[in-house]
1. Which residue, of A:Leu58, A:Leu72, A:Leu83, A:Leu115, is loosely packed, with under 14 Cβ neighbours inside 10 Å and either within 16 Å of the chain's Cα centre (by Cα) or part of a helix (DSSP H, G or I) (or both)?
2. Any residue at all in segment B:44-54 that is touching a Phe, Trp or Tyr at 6+ places or on another chain (Cβ under 7 Å), facing another protein chain (nearest Cβ under 7 Å) and free of Cβ contacts under 8 Å to residues at least 40 places away in the same chain?
3. Could you check segment C:85-103 and list, in sequence order, the residues that are among the aliphatic types (A, V, I, L, M) and either surrounded by 13 or more Cβ atoms within 10 Å (Cβ to Cβ) or facing chain B (nearest Cβ under 7 Å) (or both)?
4. Could you list, in sequence order, the residues of segment C:77-97 that are of a type outside the set (Gly, Ala, Ser) and touching a Ser or Thr at 6+ places or on another chain (Cβ under 6 Å)?
5. For segment C:156-174, state whether one or more residues are β-branched (Val, Ile, Thr), within 22 Å of the chain's Cα centre (by Cα) and not in a loop (DSSP other than H, G, I, E, B).
6. List the helices (runs of 4 or more DSSP H) that sit entirely inside segment A:235-315 and contain at least 1 residues that are farther than 19 Å from A:Met182 by Cα and either free of Cβ contacts under 8 Å to residues at least 24 places away in the same chain or touching a Lys or Arg at 6+ places or on another chain (Cβ under 6 Å) (or both).
7. Specify which of the listed residues (C:Ala30, C:Ala51, C:Ala44) is crowded, with 21+ Cβ neighbours inside 10 Å and at pLDDT 95 or above.
8. In segment B:1-28, which residues are in contact with a strand residue (DSSP E or B) (Cβ under 8 Å, 6 or more places away or on another chain) and farther than 20 Å from C:Phe38 by Cβ?
Amino acid sequence: MTETTWTSPWAGLAVAGVAVLLGLVLASLDALVRGAPAPGGRPVLRAVTPLRAGARLLLERRRTTLAPDRLLRTVALVATPVLALLSAAVLPFGGRSVVSTSADLVWFNAAEALLWAAVWLLGWGPNAVHPLVGAYRFLAQGLAYELPLMFAIITVGVGAGSLRATDVVAAQADGNWFLWTMPVAFVVFLLGAAAFAFWGPFRAPAGADLAGGVLAEVSGVDRLLVQVGRAVFLGVAAATAAAWFLGGQDGPVLPGPVWYALKTLAVMALLVGVGRRWPVVRPERFADVAWVVLLPATILQSAVAAVLVLGGFYR
Amino acid sequence: MTELTLQVVLTVAAALVGTGLFGALSQQSIVMVMMGLELVVNGVLLAAGAAWAFLTPQLPGAQVLVLMATVVMAVEMAMGFAVALAIYRARQVDTVDAAEDLAG
Amino acid sequence: MTELLVLAALGGVAVCTGVLVFVVDSMARATFSLLASFLATGAALLVMDLAYLGLLTILMMTIEMAIMAVFMIMLMMNPAGLVPMTMVHNTTGSAVVGAAAFVLLTVGVWTTDWPDRPGPPPDDATAQVGEAVMGDYMLVMILVGVVLLATMVAGIALATHRGRYDRFGPDLDRRAPDDPVRGGLPR
């Protein structure tokens, strides 16, 4: 199955660049919607706020805490952006991806699950109270979002009859987007994406009530790494949703990559537009909703997809 | 070459089993004992995977064995933590030595 | 040859981090050392063309170890290892048993006359295991499902300290349960 993988080493770099770009676009959209401080009093320039904040973090001096666990802290700081880039490795572009295994969907899921370890270590590393409480909040939130997210991903695999990302896109050719038959899985996937990037309504692990939670004691370049990781993860998740539920490059008239970009932008706009209008959800409340409402809903959703597969709907 | 690779991987699996056994037997804390057991099952995972790749790639049996090993780990974790919590609640015990009277 | 070297390197990582679990003082480091061992095993499975099982191992073990860390910190004295301490018993005996198991298994591994591989691995190992658990091994999977359900019920029954009388009152006549943590749904 080599034809679904790029063999050129440049492909990896290119996709990493695309992933960073996705993160930047998402952060800019987020800054626009959030109403970040506008440089020079011009609201349009809000879009460059993430770049300015990033440059400031580059110059900022790093703070350290008393007796931190340096090794584990470093692991967490490096792991967050690396995992975000790894999740982009299975993004399908024109029938290919950087990594193409027979279980790409699980690859994305595993990259996101490794965040559990990274975020917990981020909270454990500094040897301070607020980050540790934030880390525990993330685990509680993880127990809530993980199973519905897994079922949402499984539903995609059921519909495509394959766990390979390029097969998933191929199965949605000619407007047979999975969104039409899997709306619940689509919504849950985006909820899960916001939750694992602890962003928007799910930012309780880094909440203001915890003085920044897991982010309270990271500063300078360290903070930049984590924030870039979160933004890239969310941006890649939006592109993944566009590929898995909206058919990726599928669309009339316009060339495929344009469709792909438009769909990704639309998903990002939806994510940011809705996500920034919700108040922060407390993890224990979300856990209740996730297990009592979302989990049965996603199981039903995958059952619906399975019945449709048996009825020959997807081909 | 496949035979040599198989033997090397199985030796690694044996080392994992041996290390895990040492940990499970020598540690006092209940949670650390569980870590040792996990390491033993880790060896089983690796050995079953190697058996599939180098002995019977045409048959799914070894793959199912890997799945079973992960299930065993999940069950071991869930029950282990539940028992650790229960005995800690009942008598503030967190080491196996303090629970010797439970031995049949 | 490359496969052998990569697998040997990953195996070395798995064993070294596995040993470190019982060497380091910090419980957090011990837990994540064990996770590193599992990640190396998962990567080895990936190298051996077992994409689904390798990724599954990585995914599951990460979540398991994150939960494990919570329990390690909760139930262990000295979780950060800031004060050197050992909590071991019968180290010599345990070492002998562990070493004996290793030697026994290794002798078996190197003296067995392993059969030749009948053919190359299939194109899609994931499809192979998927068809197996939905076909010949269906009964196994049904049993696994029951076992996991029983585990969930038993685990909650053992771990919780509040029964239905605590939640619904001595006569079980409370409409909404009295829980210390409020859920997110209106009840």
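1. Values: A:Leu72 fails: loosely packed, with under 14 Cβ neighbours inside 10 Å; A:Leu83 fails: loosely packed, with under 14 Cβ neighbours inside 10 Å; A:Leu115 fails: loosely packed, with under 14 Cβ neighbours inside 10 Å.
Every option except A:Leu58 fails the conditions.
2. Our first condition is that a residue be touching a Phe, Trp or Tyr at 6+ places or on another chain (Cβ under 7 Å); within segment B:44-54, this holds for none.
Looking through segment B:44-54, none of the residues is touching a Phe, Trp or Tyr at 6+ places or on another chain (Cβ under 7 Å), facing another protein chain (nearest Cβ under 7 Å) and free of Cβ contacts under 8 Å to residues at least 40 places away in the same chain.
3. Of the residues in segment C:85-103, the ones among the aliphatic types (A, V, I, L, M) are C:85, C:87-88, C:95-97, C:99-101, C:103.
Within segment C:85-103, C:Met87, C:Val88, C:Ala95, C:Val96, C:Val97, C:Ala99, C:Ala101 meet the criteria.
4. Narrowing segment C:77-97 to residues of a type outside the set (Gly, Ala, Ser): C:77-79, C:82-92, C:96-97.
Within segment C:77-97, C:Met87, C:Val88, C:Thr91 qualify.
5. In the first step, residues of segment C:156-174 are kept if they are β-branched (Val, Ile, Thr); the result is C:156, C:160.
Next, from what is left, pick out any that are within 22 Å of the chain's Cα centre (by Cα): C:156.
Keeping just the survivors that are not in a loop (DSSP other than H, G, I, E, B) gives C:156.
The answer is yes, given that some residue of segment C:156-174 is β-branched (Val, Ile, Thr), within 22 Å of the chain's Cα centre (by Cα) and not in a loop (DSSP other than H, G, I, E, B).
6. Numbers: elements: A:256-275, A:283-289, A:295-310.
In segment A:235-315, the matching helices (runs of 4 or more DSSP H) lie at A:256-275, A:283-289.
7. On the way: C:Ala30 fails: at pLDDT 95 or above; C:Ala51 fails: at pLDDT 95 or above.
When all the criteria are applied, what remains is C:Ala44.
8. Here is the first cut: in segment B:1-28, the residues in contact with a strand residue (DSSP E or B) (Cβ under 8 Å, 6 or more places away or on another chain) are B:26-28.
Result: B:Ser26, B:Gln28.
The values are calculated or read from the model by the stated rules, or taken from the named source; none is laboratory data. All of these numbers come straight from a predicted model, not from anything done at the bench. Positions of Cβ are generated from backbone atoms using ideal geometry, with glycine treated the same way; all protein chains shown enter the neighbour counts.
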